[in-house]
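**Student:** Sharing a structure with you now.
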Amino acid sequence: MSAQTINELKKIISEDQIVTDENLLYDASADRYKKYAKAKNVLDVPAPIAIVYPYSTEEVKSLLTFCNENDINVIPRSGKTATEGGLENWKDTTIVVDGSKMDKVLKIDTYNMQATVQSGVKLQTLEDELRKLGYTTGHSPQSKPVAQMGGLVATRSIGQFSTLYGAIEDMVVGLECVFPEGGISKIKNVPRRSGGPDIRHIAIGNEGSLCYITEVTVKIFKFYPENNTFHGYLVEDMESGLEMLREVIINGFRPSVARLYSEEDARQHFSHFYKNKCVLIFMAEGPEGIVKATNEAINQAVEKFHSHVVEKVDPELIETWFNNLNWEQSRIDEEIKDMVDSNSHDGFTTEVSADWENIIKIYNNVMYRIKNEFERVDDLTMLGGHSSHSYLNGTNMYFVYNYKIDCAPEDEMLIYHHPIHEIIIEETLKLGGSMCHHHGIGKYRSEWTKEEHGSAYYMLEKLKEAFDPNGIMNHGTIFPKEVEIKKYIRP
Ligand SMILES: Cc1cc2nc3c(=O)[nH]c(=O)nc-3n(C[C@H](O)[C@H](O)[C@H](O)COP(=O)(O)OP(=O)(O)OC[C@H]3O[C@@H](n4cnc5c(N)ncnc54)[C@H](O)[C@@H]3O)c2cc1C
């Protein structure tokens with residue numbers, strides 16, 4: 001079957017666009033979710049039969065049509081930084097369609113304040129081009145040096161400066177995508193319209209389960225780095241830190257960064273100054289007058305809760321920390337090597353969101369349950385979290401848990417990650433929050449997709465039926481597959 005399929009593929013694209021090297025296929029069979037098992041060469045999923053590298057939208061269309069007609073599963077791939085199993089393969093006959101050769105910046109339009117790129121352009125590449133002209137995308141996930149625009153849109157990603165610039169869905173103006181039956185849809189670039197439902201959102205966040213994104217237009221912003229200011233405080237507890245975050249936001253101010261670290265999480269990031277306290281951070285940026293007003297609002301909010309503030313942190317320490325936050329590919333590779341060398345997982349995460357009223361209850365319930373219910377609690381080397389993206393009506397919580405791995409590598413996720421992940425998701429859903437703030441559902445939160453959406457799951461399901469009637473797009477991602485959930489998630 002696979003030899004015949006590859007021969008057919010050669011009629012669609014040239015031979016040098018098709019990769020069948022065994023090591024690369026193994027690498028393509030899973031993402032960071034199972035990085036430890038993958039590095040230990042014990043993955044339990046099938047490898048794809050090929051990775052293909054299209055150069056154009058027309059080639060993506062030919063590939064998708066071919067796969068649709070021949071019942072071949074397609075995994076769209078961009079920068080390979082997925083964390084939730086979106087790139088993991090659950091089908092015997094799968095082709096990975098890697099967009100990284102579609103890497104042209106097509107237009108930077110500083111008059112209309114938007115830039116158009118092919119989906120394989122790295123965010124860092126676009127950002128560097130814009131900075132030369134005095135502009136920014138405003139998008140800065142920690143994976144910025146590696147992640148590509150297609151993947152960033154497909155996962156509904158968010159960056160460190162989200163409180164000011166928004167998340168990717170606030171930035172995308174228009175896009176082009178290809179559906180498995182061969183339709184190419186180009187959504188035009190307009191400032192706003194009331195032309196029916198906002199169809200951008202069928203592609204944004206689809207995680208490769210409905211369509212392949214080939215081109216993206218995003219807003220651009222004037223960049224004023226000379227006005228940046230940084231603020232840091234040690235605060236008594238998460239409750240009061242969250243109150244301070246809320247105060248700034250609900251009063252109408254938009255610092256680019258508004259973050260709060262629990263003391264355990266602060267230990268990882270700010271060991272040289274955190275003094276066993278929570279750390280509250282703000283950054284203000286933009287035109288001078290806005291920065292000045294934002295600085296005043298931050299000072300007032302902190303003053304209002306002054307009895308919970310232990311001390312102010314030198315702003316330079318915060319600035320230095322920010323300057324080293326992003327991950328190059330070499331740092332990502334090093335992390336995996338360290339993990340294998342030490343048999344310990346340094347930083348698994350589950351990120352959720354909820355309204356202001358419930359986020360602290362979720363945080364406290366999760367901490368309590370993990371400490372009291374998790375069987376391997378003694379193997380935990382860290383348990384904490386931070387809020388890193390705030391909104392008028394609530395915020396996110398990025399739970400972080402590190403542990404020593406005292407089991408066979410292939411059992412790690414089941415023994416360690418899944419029970420903790422499950423507690424976080426249960427507590428979040430119970431209090432009306434969302435189980436995934438920005439990493440997407442991938443395959444490893446799909447067991448809760450129906451619960452996440454409730455009665456609105458009907459709408460999601462209809463999209464799958466309409467746009468991918470043969471079910472060839474990224475099998476198991478977002479949309480739950482009971483057989484595979486039993487096989488790979490809860491054996
Ligand atoms: C060190 C590190 C830091 C991170 N920090 C952040 C952060 O700050 N904020 C954040 O939001 N995320 C973060 N992430 C998660 C990850 O970077 C994001 O989810 C990112 O958007 C993935 O982009 P990618 O190009 O790597 O996509 P990939 O990993 O290649 O793919 C991700 C998903 O999108 C699908 N997909 C990829 N390309 C396309 C396409 N062209 N069309 C349709 N579907 C497609 C894939 O099938 C997969 O399901 C981080 C990850 C790492 C490793």
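**Student:** Mind giving me the FRET efficiency for Asn299 and Asn112? R0 is 60 Å, r the Cβ-Cβ distance, nearest 0.05 is fine. Walk me through the numbers on the way to the answer.
**Tutor:** Details: r = 37 Å, r/R0 = 0.61.
Computed FRET efficiency for Asn299 and Asn112 comes out at 0.95.
**Student:** Go from 0 up to the bin containing the longest alpha carbon distance in segment 225-322, width 5 Å each, and give me the % of pairs per bin.
**Tutor:** 2, 15, 26, 25, 19, 9, 3, 0
**Student:** How high is the relative contact order of the chain, in percent, with contacts defined as C-alpha pairs under 8 Å that are six or more residues apart?
**Tutor:** Details: 986 pairs, mean separation 81.4, N = 491.
Worked out over the chain, it gives 17 percent.
**Student:** Can you run phi through the Karplus equation (6.51, -1.76, 1.60; θ = phi - 60°) for segment 427-435 and list ³J(HN,Hα) in whole Hz, with x for Gly and Pro?
**Tutor:** For segment 427-435, the Karplus-derived couplings read 5, 5, 5, 4, 9, x, x, 9, 6 Hz, x marking Gly and Pro.
**Student:** Can I ask one more? Would you grab the residues whose amide H sits under 5 Å from the one on Met102? Only those 5+ places off in sequence or on another chain, please, with H modelled 1.01 Å from N.
**Tutor:** Residues meeting the amide H criterion: Gly120.
**Student:** Using only Cα atoms and rounding to the nearest 10 degrees, what angle (0 to 90) does helix 457-467 make with the longest principal axis of the chain?
**Tutor:** Helix 457-467 sits at roughly 40 degrees to that axis.
**Student:** Taking the solvent-accessible surface of protein heavy atoms with a 1.4 Å probe, what is the per residue accessible area of segment 225-322 in Å²?
**Tutor:** Per residue, segment 225-322 has an accessible area of 44 Å².
**Student:** Hey, any idea what % of segment 225-322's accessible area is carbon plus sulfur with a 1.4 Å probe? Don't skip to the answer; put the middle values down first.
**Tutor:** Working: 2080 of 4330 Å².
Of all accessible area on segment 225-322, carbon and sulfur atoms account for 48 percent.
**Student:** If you put +1 on each Lys and Arg Cβ and -1 on each Asp and Glu Cβ, how big is the dipole of the chain around its Cα centre, in Debye rounded to 20? Don't skip to the end; give the middle numbers.
**Tutor:** Numbers: 52 positive and 74 negative charges, 232 e Å.
Value, rounded to 20: 1120 debye.
**Student:** At a probe radius of 1.4 Å, what is the per-residue accessible area of Lys101, in Å² to the nearest 10?
**Tutor:** We get 80 Å² for Lys101.
**Student:** Now a separate question. For the chain, what does the helix formula give at 222 nm: sum of -39500 (n - 2.57) over DSSP H segments with n ≥ 4, over the residue count, nearest 500 deg cm²/dmol?
**Tutor:** Here the helix-only value at 222 nm equals -9500 deg cm²/dmol.
**Student:** Something else about it: Please give the length that would be gained between Asp170 and Leu460 if that part of the chain were fully extended, namely 0.36 nm times their separation in residues minus their C-alpha to C-alpha distance (nm, one decimal).
**Tutor:** Details: separation 290, 0.36 × 290 = 104.40 nm, distance 2.07 nm.
Between Asp170 and Leu460, full extension yields an extra 102.3 nm.
**Student:** Using only the Cα atoms, work out Rg/Rh for segment 321-363, with Rh taken as the Kirkwood radius, to two decimals. Display every interim value, and only then the final one.
**Tutor:** Details: Rg = 15.5 Å, Rh = 13.3 Å.
When Rh is taken as the Kirkwood radius, the ratio is 1.17.
**Student:** Just by accessible area at a 1.4 angstrom probe, what is the order of Lys404, Lys61, Lys487 from largest to smallest? Mind showing how you got there, number by number?
**Tutor:** Working: Lys404 100, Lys61 70, Lys487 130 Å².
Sorted descending by solvent-accessible area, the residues read Lys487, Lys404, Lys61.
**Student:** How many angstrom separate the Cα center of segment 134-168 from the Cα center of segment 413-428?
**Tutor:** Each part's Cα centre sits 27 Å from the other's.
**Student:** State the antiparallel share, in %, of DSSP beta bridges confined to the chain, rounding to the nearest 5. Don't skip to the end; give the middle numbers.
**Tutor:** Details: 61 of 70 bridges.
The antiparallel proportion sits near 85 percent.
**Student:** Name the residue from Val121, Cys211, Pro191 whose Cα lies farthest towards the positive end of the charge dipole of the chain, charges +1 on Cβ of Lys and Arg and -1 on Cβ of Asp and Glu.
**Tutor:** Value: Pro191.
**Student:** Residue by residue through segment 287-293, what is 3J(HN,Hα) from phi via Karplus (6.51 cos²θ - 1.76 cosθ + 1.60, θ = phi - 60°)? Round to whole Hz and write x for glycine and proline.
**Tutor:** Calculated HN-Hα couplings, in order: x, 3, x, 5, 4, 4, 5 Hz.
**Student:** Where the convex hull is taken over the Cα atoms of the chain, what is its projected area averaged over directions, in nm²?
**Tutor:** Details: hull surface 90.1 nm².
Mean projected area of the Cα convex hull: 22.5 nm².
**Student:** Continuing with this model, one more query. Could you state the principal axis extents of the C-alpha atoms in segment 144-260, from the largest down, to the nearest angstrom?
**Tutor:** Principal-axis extents of segment 144-260 (Cα, largest first): 56, 32, 28 Å.
**Student:** Cross-link list Lys11/Lys101; Lys80/Lys450; Lys430/Lys481; Lys10/Lys487; Lys304/Lys371: which exceed 28 angstrom alpha carbon to alpha carbon?
**Tutor:** Working: Lys11/Lys101 19 Å; Lys80/Lys450 26 Å; Lys430/Lys481 23 Å; Lys10/Lys487 34 Å; Lys304/Lys371 33 Å.
Those over the limit are Lys10/Lys487; Lys304/Lys371.
**Student:** Okay, next question. Taking every DSSP beta bridge that has both residues in segment 65-217, what percent is antiparallel when rounded to the nearest 5? Don't skip to the end; give the middle numbers.
**Tutor:** Working: 17 of 22 bridges.
Counting only bridges with both partners in segment 65-217, antiparallel ones make up about 75 percent.
**Student:** If you don't mind, there's one more thing I want to ask. How tilted is helix 57-69 with respect to the longest principal axis of the chain? Cα atoms for both, answer in degrees (0 to 90, nearest 10).
**Tutor:** 70
**Student:** Separate question: List the Cys residues of the chain that have no partner Cys with a C-beta closer than 4.7 Å.
**Tutor:** Here Cys67, Cys278, Cys407, Cys436 come out as lacking a disulfide-compatible partner, given the Cβ-Cβ threshold of under 4.7 Å.
**Student:** Right, next: Spelling out what I want: for every residue of segment 164-176, take phi, set θ = phi - 60°, compute 6.51 cos²θ - 1.76 cosθ + 1.60 (Karplus), and round to whole Hz; glycine and proline get x.
**Tutor:** So the Karplus estimates, Gly and Pro as x, are 8, 8, x, 9, 4, 5, 7, 9, 5, 8, x, 7, 10 Hz.
The values are calculated or read from the model by the stated rules, or taken from the named source; none is laboratory data. Computed from a predicted structure; not experimentally measured. So basically every Cβ, Gly included, is an ideal-geometry build from the backbone, and we count neighbours across all protein chains shown. The protein model used for the area step is the full one, side chains on, heavy atoms only, and it has no ligands, DNA or RNA in it. Shrake-Rupley method; radii C 1.70, N 1.55, O 1.52, S 1.80 Å.
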